[in-house]
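Please read the structure below before turning to the comments.
FYI, it's all coordinate maths here, none of it is from the lab. Quick caveat, the model's predicted, so the values are computed rather than measured. All Cβ positions, glycine included, derive from the backbone under ideal geometry; neighbour counts span all protein chains shown.
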Amino acid sequence: MERTPAPAELLTAGLQELGLELPGVAVRPLVGLAELVARWSPRVNLTAHRTAADVVRHLVLDALALHVALPPANTLADLGSGAGFPGFPLAIADPERQVTLVESRERAHHFQRGVVRELELPNARVLRGRAEDLEPEPQDGVVAQAMGPPSRVAERARRWARPGGWIAIPYSSTPPAVDPIPGIAPEQPRHYEVPLAGPRRSIWLGRRT
């Protein structure tokens, strides 16, 4: 029977494919994040991926591929972050970046608090609430995915981007159509591929004017 690769092996292979060199202190918390998701998922229904290896392959590496494709940002908000993706990997990959994860579901928020505590992530903070209801904390960059129709998502994300900051909506292989929104200037979409034969994805980008 063929041996299933360990989460750390999958992560290493994916990083090599991305050409991404992370600080040595980043690998362990990325694997630890996958293990926490796999441990909590049966109770909290965080994701359909039930093993740490699957979480690495389908969620962690997806977030790290997005990390490579995004514009730079010293501060970032992940709206509707769910199980903490892509926010936690974005924070771990760049310890100098401050990442705020916004999630409305109580159980998912409770899980996120546990991740920050157990993995000791000083540059990640979690807020509970709907992005459109909370008082926004404008950031250099905003990532919002799986939050609803793209035009509505971009409108909600605008409040969280500082003037000159960017808004990113990760999507499938074809960028979504977003209606013109006052105060947001669309930019050229970007594309990336998730390693280890993962899907090809696109990013709709806008800049707050």
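Does D62 meet the test of being of a type in the set (D, E), surrounded by 18 or more Cβ atoms within 10 Å (Cβ to Cβ) and farther than 16 Å from L196 by Cβ? Taking the combined requirement at face value, the residue does not satisfy it. Taking the criterion of being free of Cβ contacts under 8 Å to residues at least 24 places away in the same chain and closer than 13 Å to A83 by Cα, the residues of the range 111-141 that qualify are R113, V116. When the range 1-18 is filtered for residues that are assigned to a helix (DSSP H, G or I) and either among the hydroxyl-bearing types (S, T, Y) or at positive phi (or both), only T12 remains.
Within the set P95, P42, the sole residue that is without any contact (Cβ under 8 Å) to a residue 12 or more places away in the chain and not hydrophobic (A, V, I, L, M, F, W, C) turns out to be P42. Residues in the range 37-68 that are of a type in the set (S, T, N, Q) and not in a helix (DSSP H, G or I): N45, T47, T51. The numbered conditions (1) free of Cβ contacts under 8 Å to residues at least 40 places away in the same chain; (2) surrounded by 15 or more Cβ atoms within 10 Å (Cβ to Cβ) are all true for G165 except (1).
Output the residues belonging to the range 19-36 that are without any contact (Cβ under 8 Å) to a residue 60 or more places away in the chain and either touching a His at 6+ places or on another chain (Cβ under 9 Å) or part of a helix (DSSP H, G or I) (or both). Let's see the steps before the verdict.
The first filter runs over the range 19-36 and keeps only residues without any contact (Cβ under 8 Å) to a residue 60 or more places away in the chain, leaving 19, 21, 24, 27-28, 31, 34-35.
Scanning the range 19-36 gives G24, V27, R28, V31, A34, E35.
What number of residues within the range 130-146 satisfy the criterion of being of a type in the set (A, V, I, L, M, F, W, C) and not in a loop (DSSP other than H, G, I, E, B)?
Taking the range 130-146 first, the residues of a type in the set (A, V, I, L, M, F, W, C) are 131, 134, 142-144, 146.
From what's left, not in a loop (DSSP other than H, G, I, E, B): 142-144.
Final tally of qualifying residues: 3.
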